[in-house]
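The values are calculated or read from the model by the stated rules, or taken from the named source; none is laboratory data. A quick note: this is a predicted structure, and the numbers were derived from the prediction, not measured. For neighbour counting, all protein chains shown are included, and Cβ atoms are generated from backbone atoms with ideal geometry for every residue, glycine included. The protein model used for the area step is the full one, side chains on, heavy atoms only, and it has no ligands, DNA or RNA in it. Shrake-Rupley method; radii C 1.70, N 1.55, O 1.52, S 1.80 Å.
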Amino acid sequence: MMTKKIVTFGEIMLRLNPPGHQRIIQAQHLEASYAGGEANVAVSLAVFGMDAYYVTKLPLNSLGDAALGQLRRYGVKTDYIARGGDRLGVYFIEHGASQRASRVIYDRARSAIAEAKCVDFDWDMIFRGADWFHFTGITPALSEKAAFVTGEALKAARRNNVTVSCDLNFRKNLWSPEVANRVMSGLMPYVDVCVGNEEDAYNTFGLKPHGTDVNRGKIDSAGYRNVAERLMERFSLKLVATSLRESRSASDNGWSGILFDGQELYQSRKYDIHIVDRVGGGDSFAAGLIYTLLLEKDMQECVEFAAASSCLKQTLPGDFNLVTLDEVEDLKKGNASGRVQR
């Protein structure tokens, strides 16, 4: 396999969660790990064998060192990470079960990456020899400074002929739909491949798929095609993809994916998942898509691989997708029994 250089840019945070399905008010201790949208994508791609470079800014303290160590543990290249700033962002998650939803609390204001400046990153050097750049809508939502740095990164990616993907990833705890629309409208003209679920497209750009109600398990692929067409028309995108989550409960979801190339809509098979940890599902879908697109697989293969790898991620605790290529290929071939492998 030919290795490709992929660059992702965003915030990695300390993740704290009670054991199992406890609420924070019950917990006597919290479990610690590290997570963040673009970091999750970088880990997935590194595990799949790609040269995945993660760019961020980390404080010069033990928490920053630990985050750096976790990335390196899974093969992510950290050459371009800047050091400095006051703090590492933190997020807390309570895992839902049955009819009780999962809940996230952010403590990330004034984090090192939110306060980063353009001088922290030499983007032309970072993109030297790069094939792909990935970011999410979370990063420009962190602060005006982060939005500006993201814009400079996108201009450099364009100068260096690097393919760009963006996962819209709207977060209502970070910004409003009005601000998201304004900022993302200025960034999207640099994007080639857009990823996002039905809520992201609606909250960021007011585009809602007709005939779809994920809370009732109702999915209409024609509605998603219409959203994809409107995104392509507005931003001259090459591809639009979305993961489709049918939320029957916090514990059991239907999961599939769609990829649109401007002519044809490709839809993956659907998986019924008993959720272990749903966080990072969209990031692993984006990573699977990037991986197969870089290998120039056909569109149906791309969406099938992305859906299968992200299905498997949701059987793992934590944000990172640590499944192997063989496991993804096995699931794609229909081996979904979960029997013990000896």
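Of note:
- Placing +1 on the Cβ of every Lys and Arg and -1 on the Cβ of every Asp and Glu, with no other charges, gives the chain a dipole of roughly 480 debye about its Cα centre.
- Unit Cα scatterers, Debye sum, the range 176-326: log10 I(q)/I(0) for q = 0.11, 0.13, 0.17, 0.20 Å⁻¹: -0.40, -0.57, -0.99, -1.32
- Annotation: per residue accessible area for the chain equals 44 Å², rounded to a whole number [probe 1.4 Å, protein chains only].
- For the range 177-331, the fraction of 1.4 Å probe accessible surface lying on carbon and sulfur atoms is 45 percent.
- Measuring between their Cα centroids, the range 1-76 and the range 133-205 lie 20 Å from each other.
- Extended-chain gain in nm, criterion 0.36 nm per residue less alpha-carbon gap, Asp298 and His21: 95.7 nm
- Peptides 118-125, 257-264, 22-29 ordered by average Cβ neighbours within 10 Å, highest first: 257-264, 118-125, 22-29
- The convex hull of the Cα atoms of the chain, projected and averaged over all directions, covers 16.7 nm².
- Treating r as the C-beta distance of Asn226 and Cys118 and R0 as 41 Å, the FRET efficiency rounds to 0.60.
- Looking at the chain alone, DSSP beta bridges between its own residues are antiparallel in about 50 percent of cases.
- Square roots of five times the Cα gyration tensor eigenvalues for the range 46-86, Å: 20, 11, 5
- Rounded to the nearest 20 debye, the dipole magnitude of the range 222-314 is 240 debye, with +1 charges on Lys and Arg beta carbons, -1 on Asp and Glu beta carbons, and the Cα centre as origin.
- Three-way shape call for the range 31-182 based on the alpha-carbon gyration tensor, with the a/c threshold at 1.5: rounded
- For the range 1-117: rounded, prolate or oblate by the Cα gyration tensor [a/c cutoff 1.5]: oblate
- Gyration tensor verdict on the range 107-237 (Cα atoms; rounded if a/c is under 1.5, prolate if a/b is larger than b/c, oblate otherwise): oblate
- Protection proxy ranking for 54-62, 174-182, using the average of other Cβ atoms within 10 Å per residue and placing the highest first: 54-62, 174-182.
- Helical contribution to [θ] at 222 nm, DSSP H n ≥ 4, -39,500 (n - 2.57), averaged over the chain, rounded to 500: -10500 deg cm²/dmol
- The range 239-253 residues near the modelled Arg103 label - backbone nitrogen below 16 Å, point 7 Å along Cα→Cβ: 250
- Here the extension length gained between Ser249 and Lys208 equals 12.6 nm, from 0.36 nm per residue of separation less the Cα-Cα distance.
- Sulfur and carbon atoms: percent of accessible area, the range 1-101 [1.4 Å]: 49
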